Amino acid sequence: QVQFEESGGGLVQPGESLRLSCTISGISFDVYKMAWYRQAPGKQRELAAFIRRDDSTNYSDSVKGRFTISRDNAKKTMYLQMNNLKPEDTASYYCNADQSGVQNYWGQGIQVTVSS
């Protein structure tokens, strides 16, 4: 059984930082491409960042230069360091694990709110 534990969300002011964590049990974490998606109210879910098995990364233009994705295979945990947060970063953030599209799992989501 695959289980997700997402943490680190909350309410912050513009310009502040948050660090999201996603710990997964029940899969061989190191063989999965890991990603953070986000969905703002009334909008479609969009990719924020992903990290491959070889630790190469990719970011959406909206978060590039402010967010950093990383992973610790020994801890089966993925992180998203979010700096200089903006109100438009307000969304539910979802952890995703993908193995070449054959197996794909989603976390339950965690809320990030950026507001003054």
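The values are calculated or read from the model by the stated rules, or taken from the named source; none is laboratory data. As the structure is a prediction and not an experimental result, all values here were calculated from the model. Here the Cβ positions follow ideal geometry from the backbone for every residue, glycine too, while neighbour counts run over all protein chains shown. Just so you know, the surface numbers come from the protein's heavy atoms only, side chains and all, with ligands and any DNA or RNA stripped out. Shrake-Rupley method; radii C 1.70, N 1.55, O 1.52, S 1.80 Å.
Along the axis of the charge dipole computed for segment 61-103 (Cβ charges of +1 for Lys and Arg, -1 for Asp and Glu, origin at the Cα centre), the listed residues Gly65, Met78, Tyr94 are led at the positive end by Met78.
Here segment 18-85 has an Rg and Dmax of 12.2, 37 Å, counting Cα atoms alone. Backbone amide hydrogens, once placed in the peptide plane, bring Gly109 within less than 5 Å of Cys95, excluding anything fewer than 5 places away on its chain. Across segment 9-22, coupling constants 3J(HN,Hα) worked out from phi with the 6.51/-1.76/1.60 Karplus curve, θ = phi - 60°, read x, x, 10, 9, 8, x, x, 7, 10, 9, 10, 8, 10, 9 Hz, and Gly and Pro carry x. Would you kindly derive the ³J(HN,Hα) couplings of segment 27-33 from the backbone phi angles with the Karplus curve 6.51 cos²θ - 1.76 cosθ + 1.60 (θ = phi - 60°), listing them in order in whole Hz, with x for Gly and Pro? My calculation for segment 27-33 gives 9, 7, 3, 5, 9, 9, 7 Hz in order. Accessible surface area normalised per residue over segment 1-69 is 56 Å², counting heavy atoms of protein chains with a 1.4 Å rolling probe.
Computed from backbone phi, the HN-Hα couplings of segment 48-61 come to 9, 6, 9, 9, 7, 4, 8, 6, 6, 10, 8, 10, 6, 4 Hz, rounded to whole numbers (Karplus: 6.51 cos²θ - 1.76 cosθ + 1.60, θ = phi - 60°; Gly and Pro given as x).
In the frame of its principal axes, segment 52-92 has Cα extents of 34, 17, 16 Å, reported largest first. All alpha carbon pair distances within the chain were sorted into 10 Å bins beginning at 0; the resulting P(r) in whole percents reads 15, 50, 29, 6, 0. The count of lysine pairs in segment 1-111 whose Cα atoms are under 18 Å apart, excluding pairs fewer than 8 places apart on the same chain, comes to 4. About the centre of its Cα atoms, segment 1-60 shows a dipole size close to 220 debye [charges on the beta carbon of Lys, Arg (+1) and Asp, Glu (-1) only; nearest 20 debye].
Can you pull the percent of the chain's accessible area that's carbon plus sulfur, 1.4 Å probe, other chains left in place? Here it works out to 42 percent. Evaluated with a Cβ-only charge set (Lys, Arg +1; Asp, Glu -1), the chain carries a dipole of roughly 60 debye about its Cα centre, given to the nearest 20.
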